[in-house]
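Data block below; observations after.
The values are calculated or read from the model by the stated rules, or taken from the named source; none is laboratory data. Source: prediction; values computed, not measured. So basically every Cβ, Gly included, is an ideal-geometry build from the backbone, and we count neighbours across all protein chains shown. For the accessible areas, the whole protein counts, side chains as well, though only heavy atoms, and no ligand, DNA or RNA atoms are used. Shrake-Rupley method; radii C 1.70, N 1.55, O 1.52, S 1.80 Å.
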Amino acid sequence: MSSITLQTYASRAAKQPNAAAKALLECIERKQSNLCVSVDVTNKQDLLDVCDAVGPDVCLVKTHIDIVEDFDIDLVQQLTALSQKHDFLIFEDRKFADIGNTASLQYSSGVHKIASWSHITNAHLVPGPGVISGLAKVGQPLGRGLLLLAEMSSAGALTKGSYTQACVDEAKKDTTGFVCGFIAMSRVDEREGPNTERDLLILTPGVGLDVKGDAMGQQYRTPDQVIRESGCDVIIVGRGIYGALMTEEGKADKKAAFDKVRQQGSRYKKAGWEAYLARLGQK
Ligand code: S5P
């Protein structure tokens with residue numbers, strides 16, 4: 001079998017056993033979008049408005065639900081309604097990193113009840129594979145998916161070498177079927193040749209077309225570098241899309257700012273899809 005990087009999203013969807021990963025691959029194909037927007041805003045209405053603005057262009061919306069100051073359960077109900085209206089999945093970027101028992105409670109309970117509305121979430125493997133089984137106990141019966149943070153985008157990240165390899169090994173041997181991929185900067189599952197064992201998704205943050213980084217260690221690459229050169233599957237873009245809302249100008253004229261958000265959404269969608277077609281040799 002050939003490298004995952006040469007297979008279409010549609011052919012991968014057809015044989016994907018994890019329900020959330022399958023739904024994501026199908027959505028990518030249907031919308032011709034491998035763009036995930038990361039909506040790191042701190043109030044409910046802005047979060048919903050960004051999702052409504054870029055919804056038509058994305059396959060996935062990534063949240064940091066714990067930064068929303070006026071969080072309530074109505075937010076997740078409205079977000080879920082938007083995911084149905086615009087046909088996208090939801091990924092809560094919780095980065096679980098505790099022992100299995102605690103992570104499972106953090107995932108199912110508290111004010112956020114993440115497992116009840118988020119199709120995909122992620123975890124660090126720092127505590128060992130118990131974090132996977134703890135989360136799987138909650139998420140697997142609900143048809144959810146888990147990404148392991150195998151590599152990070154920030155400068156000086158310790159997610160490298162044998163740590164990254166351990167994430168790949170655990171994902172490949174996961175018997176719960178709950179692990180469906182990675183947050184990573186490269187095709188980490190194919191370092192030693194084509195991955196013929198288990199299809200795993202690679203979602204990649206640190207994507208920007210206009211700047212190379214921020215003042216706190218973030219590092220950006222282009223959609224082409226991420227999808228075509230590095231063989232990743234989904235680009236995750238935050239400030240590159242919603243950034244106009246954060247400027248003084250944007251705060252003064254929200255309508256104009258949202259026009260920019262929409263423009264950036266379609267710009268990144270196009271760039272991500274062109275890079276995918278180029279990877280397949282179709283462009
Ligand atoms: O290694 C990582 C992993 C993640 S999930 N680097 C990241 O930047 N992220 C997340 O992606 C980060 O928490 C943020 O929500 C998003 C990137 O945002 P941007 O504004 O820099 O595009």
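Laid out as a table, the results:
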| quantity | calculated |
| --- | --- |
| Chain lengthening between LEU6 and ALA256 when straightened (0.36 nm per residue, less Cα-Cα) | 86.0 nm |
| The chain: proportion of alpha-carbon pairs further apart than 35 angstrom, % | 11 percent |
| Neighbourhood net charge (12 Å Cβ-Cβ; Lys/Arg +1, Asp/Glu -1) for TYR220 | +1 |
| Potential extension, ASP74-LEU142 segment - 0.36 nm per residue separation minus Cα distance | 22.4 nm |
| Student exercise, the range 33-147 dipole from Lys, Arg, Asp, Glu Cβ charges, in Debye to nearest 20 | 600 debye |
| Charge dipole (the range 1-114, unit charges on Cβ, about Cα centre) - positive-most of ALA20, GLN78, ILE99 | ALA20 |
| Exposure rule at most 11 other beta-carbon atoms within 10 Å, DSSP loop GluC sites (Glu not before Pro): the chain longest free segment | 70-191 |
| Among LEU82, LEU125, LEU25, residue whose mean-square fluctuation peaks in a GNM of the chain (springs only between Cα atoms under 10 Å) | LEU82 |
| FRET efficiency estimate (nearest 0.05) - Cβ-Cβ, GLN84 to THR175, R0 41 angstrom | 0.80 |
| Accessible area per residue in Å² at 1.4 Å probe, computed on the range 4-279 | 41 Å² |
| Equivalent ellipsoid, the range 1-81 (semi-axes from 5 times Cα gyration tensor eigenvalues, Å) | 30, 12, 11 |
